[in-house]
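J.: The structure is given below, and queries will be raised subsequently.
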Amino acid sequence: MRKAVIKLTFNNEKIARVVYNAISHEEIRDFSRIKVNLRRKSNILTIRIDARDTTALRASFNSYMRWIKVCLSAINFK
């Protein structure tokens with residue numbers, strides 16, 4: 001089993017809450033090769049990924065980072 005823990009600190013709690021709410025729906029999906037746990041405490045978002053193999057871990061990591069980048073781009077859109 002491969003594991004990764006990603007902790008992201010945002011400028012404020014509101015941004016962390018928006019990002020968490022946007023990506024939390026992905027956590028409940030049923031994937032056979034990965035399990036993801038999301039937590040938010042104040043302005044810190046923690047993503048824990050447990051994967052059967054390195055390929056699944058890397059793909060999951062990249063997906064979550066892309067989704068977060070999209071969220072932040074949408075927040076900063078003017």
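J.: Taking neighbour counts of Cβ atoms within 10 Å as a proxy for exposure, in what order, fewest first, do Lys35, Lys69 appear?
T.: Lowest to highest Cβ neighbour count: Lys69, Lys35.
J.: A further question follows. How high is the relative contact order of the chain, given as a whole-number percent (alpha carbon pairs under 8 Å, six or more residues apart)?
T.: 37
J.: If you don't mind, there's one more thing I want to ask. Report, to two decimal places, the Cα Rg of the chain normalised by 2.2 N^0.38 Å (N = number of residues).
T.: 1.10
J.: What 222 nm value per residue comes from the helices of the chain, counting each DSSP H run with n ≥ 4 as -39,500 (n - 2.57) and dividing by all residues, nearest 500 deg cm²/dmol?
T.: Result for the chain: -16500 deg cm²/dmol, rounded to the nearest 500.
J.: Then there's this: Find how many whole Å separate the alpha carbon centroid of region 53-70 from the alpha carbon centroid of region 1-34.
T.: First find each Cα centre; the distance between them is then 10 Å.
J.: Here's something else I'd like to know. Among the chymotrypsin sites (Phe, Trp or Tyr not before Pro) in the chain, which ones are in a DSSP loop with at most 14 other Cβ atoms within 10 Å of the Cβ? Mind listing them?
T.: Phe31, Phe77
J.: Count charges around Arg58 for me, please; just the other residues with Cβ under 13 Å from its Cβ, Lys/Arg as +1, Asp/Glu as -1.
T.: Charge balance in the 13 Å sphere: +4.
J.: Further question on the same structure: Any chance you could give the angle, 0 to 90 degrees and rounded to 10, that helix 54-76 forms with the longest Cα principal axis of the chain?
T.: Tilt relative to the chain: about 10 degrees.
J.: Given Cβ point charges of +1 (Lys, Arg) and -1 (Asp, Glu) and nothing else, what value in debye, to the nearest 20, does the dipole of region 2-76 about its Cα centre take?
T.: Using Cβ point charges on Lys, Arg, Asp and Glu, region 2-76 gives about 180 debye.
J.: If one takes the longest principal axis of the Cα atoms in the chain, at what angle in degrees, from 0 to 90 and to the nearest 10, does the Cα axis of helix 13-27 lie?
T.: The two axes meet at around 30 degrees.
No lab work stands behind these numbers, since they all come straight from the coordinates. Everything numeric in this text was worked out from a predicted model, so none of it was measured. Neighbour counts are summed over all protein chains in view; Cβ atoms, including those assigned to glycine, are modelled from backbone coordinates with ideal geometry.
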